[in-house]
Amino acid sequence: MLSSRQTRWLVTGASGMLGRALCERLQDSGAHVSALDRGALDVTDARAVDEAVAAAHPDLVVNCAAMTAVDAAESAETAAHRVNADGPRLLARACADTGAHLVHISTDYVFDGGPADFGTPYPEDAVPRPRTAYGRTKLAGEQAALAQHPNGTAVLRTGWLYGHHGHSFVGTMVRRATEGRTVDVVNDQFGQPTWTSDLAERIVDVARTGATGVFHATSSGQVSWHGLATEVFRLTGADASLVRPIDSSRLSRPAPRPHWSVLAHDGWTRAGLAPLRDWRTALTQALSESDRWKPYS
C-alpha cells in the first residue's frame, strides 16, 4: 500500500475536469505529480507514451485522457477509438513494463441503458452492451487495459461528472439559476451525479489499497436530469419551478442517451472501501463553494 505523498503519479488528460481535480488533490497532499495534458502527451503515440512513463517513473498512472464528445464520436469512431481504446492499451503496456499501477477512467455508456434495464443498478460484472460509438470505444479501452496489465489495472466506471473546472450540466444549471432563466430538462433519464472531487479522492484510495479490476465509481443514490436541475436551483436559492420537465423524445441527437445509467457498487467491498457518498450530500458541498463556480461553464 502507498500513501498519496509517497506515490509518484503520472496523470494523463490533466487539463480536463477530472484531471484538474485530481492534480489539485494530489498537489495539496504534497505528492509528486507529473501532470500531462493533451499537448504534453498524445496517448495514441506509442513512443511518446513509453518515453513519458519512463521519464516520470511513476508508481501509479491515472488515465483521464479521453474523447468524451458523445455526439461527435458517432461520425468519428475511428478517431475516438484511437484515444479511448488505443491510448489505454499503450499506457497499460508501458505500466506493465515498468511495474506501475494503472487507474483507467471509463463510463456508464458501456451499458445499454435501455428501458428494459430500468430499476436494477448494473453490477460490475453485468454484460456491457454499448449503443454508441463513445461507449464502444470506451469498452474497448477497458478490455485492452485489463488484457495488457491484468494484475495492475483498476478500471473505474463513472458518469454524470461535474466539477469546478470545465463544462458540466451542473455548471450550466448554476448559470441558469443565477440568471433566473427557465430551462427544459428531461425527466426520463436516470443516473448518479458524481463530483470530481469525490472521484479524485477515490482514485487516491485505489492507489492506497492497490485495488485492481472493475469498479463503479459513481455517487450513491439516483436521480433524473430534471431532478438534478431542480436540486441545483433549490440549493442556489433560485425558483425551482423554472425547471420544466420534458420527455427525451423531444430531443434529437446523433448518439442515443441512456435512460438508465444507475450503477451498483458492490465491487468496493472486496477492496475494503465504502461506496461513494450520496449525490445530494456531495452536490450540497460542491455548491457551497460558490466562488469556485465563476466564471460559469
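The values are calculated or read from the model by the stated rules, or taken from the named source; none is laboratory data. Just so we're clear, the structure is a prediction, and the values are computed from it rather than from any experiment. All Cβ positions, glycine included, derive from the backbone under ideal geometry; neighbour counts span all protein chains shown.
Do we find a residue being within 25 Å of Pro130 (Cβ to Cβ), in contact with a strand residue (DSSP E or B) (Cβ under 8 Å, 6 or more places away or on another chain) and either at pLDDT below 95 or assigned to a strand (DSSP E or B) (or both) anywhere in segment 62-81? Looking through segment 62-81, at least one residue is within 25 Å of Pro130 (Cβ to Cβ), in contact with a strand residue (DSSP E or B) (Cβ under 8 Å, 6 or more places away or on another chain) and either at pLDDT below 95 or assigned to a strand (DSSP E or B) (or both). Within the option set Ser75, Ser29, Ser106, Ser15, being under 25 Å from Thr194 (Cα atoms), small (Gly, Ala, Ser), surrounded by fewer than 16 Cβ atoms within 10 Å (Cβ to Cβ) and in contact (Cβ under 8 Å) with a residue 12 or more places away in the chain holds for one residue only, Ser29. Assessment of segment 85-105 against the conditions (farther than 24 Å from Arg8 by Cα and in a loop (DSSP other than H, G, I, E, B)) yields no matching residue. Of the residues Ala211, Ala238, the single one that is more than 21 Å from the chain's Cα centre (by Cα), of a type in the set (Gly, Ala, Ser) and at negative phi is Ala238.
Every residue in segment 133-156 that is crowded, with 24+ Cβ neighbours inside 10 Å, part of a helix (DSSP H, G or I) and touching an Asp or Glu at 6+ places or on another chain (Cβ under 9 Å), please. Scanning segment 133-156 gives Ala133, Tyr134, Gly135, Thr137, Gly141. Within segment 225-251, being small (Gly, Ala, Ser), closer than 16 Å to Trp279 by Cβ and touching a helix residue (DSSP H, G or I) at 6+ places or on another chain (Cβ under 6 Å) holds for one residue alone: Ala229. Taken over segment 209-233, the criterion of being of a type in the set (Gly, Ala, Ser), in contact (Cβ under 8 Å) with a residue 40 or more places away in the chain and within 13 Å of Phe190 (Cα to Cα) is satisfied by Ser219, Ser220, Gly221, Gly227, Ala229.
Within segment 109-127, being in a loop (DSSP other than H, G, I, E, B) and either crowded, with 17+ Cβ neighbours inside 10 Å or of a type outside the set (Asp, Glu) (or both) holds for Phe111, Asp112, Gly113, Gly114, Phe118, Gly119, Thr120, Pro121, Pro123, Glu124, Ala126, Val127. Of the set (1) more than 20 Å from the chain's Cα centre (by Cα); (2) under 18 Å from Ala21 (Cβ atoms); (3) at pLDDT 95 or above, all apply to Ala217 but (1).
Take the conditions (1) over 22 Å from Ser248 (Cβ atoms); (2) outside any strand (DSSP E or B); Val170 misses just one of them, which is (1).
For segment 19-33, name all the residues that are touching a strand residue (DSSP E or B) at 6+ places or on another chain (Cβ under 8 Å), aliphatic (A, V, I, L, M) and in a helix (DSSP H, G or I).
Just the residues of segment 19-33 that are touching a strand residue (DSSP E or B) at 6+ places or on another chain (Cβ under 8 Å), to begin with: 19, 22-23, 26-27, 31-33.
Pick out the ones that are also aliphatic (A, V, I, L, M) and you get 22, 26, 31, 33.
Once the filter is applied, which keeps residues that are touching a strand residue (DSSP E or B) at 6+ places or on another chain (Cβ under 8 Å), aliphatic (A, V, I, L, M) and in a helix (DSSP H, G or I), segment 19-33 yields Leu22, Leu26.
Scanning segment 34-55 for residues that are in a helix (DSSP H, G or I) and surrounded by fewer than 20 Cβ atoms within 10 Å (Cβ to Cβ) yields a count of 7.
Scan the helices (runs of 4 or more DSSP H) fully inside segment 192-297 and keep the ones with 3 or more residues being more than 28 Å from Val155 (Cα to Cα).
Values: elements: 196-209, 225-235, 267-270, 279-288.
So the answer is 225-235.
List the number of the failed condition for Pro130; all other conditions in (1) touching a helix residue (DSSP H, G or I) at 6+ places or on another chain (Cβ under 7 Å); (2) assigned to a helix (DSSP H, G or I); (3) over 30 Å from Leu287 (Cβ atoms) hold. Only one criterion in (1) touching a helix residue (DSSP H, G or I) at 6+ places or on another chain (Cβ under 7 Å); (2) assigned to a helix (DSSP H, G or I); (3) over 30 Å from Leu287 (Cβ atoms) is unmet by Pro130, namely (2). Take the conditions (1) surrounded by fewer than 15 Cβ atoms within 10 Å (Cβ to Cβ); (2) closer than 21 Å to Gly119 by Cα; (3) not acidic (Asp, Glu); Arg250 misses just one of them, which is (2).
Of all the numbered requirements in (1) over 20 Å from the mean Cα position of the chain (by Cα); (2) without any contact (Cβ under 8 Å) to a residue 60 or more places away in the chain; (3) farther than 17 Å from Met173 by Cα, Pro275 misses one, and that requirement is (1).
All conditions in (1) of a type outside the set (Ser, Thr, Tyr); (2) farther than 21 Å from Glu77 by Cβ; (3) in a strand (DSSP E or B) hold for Arg181, with the sole exception of (3).
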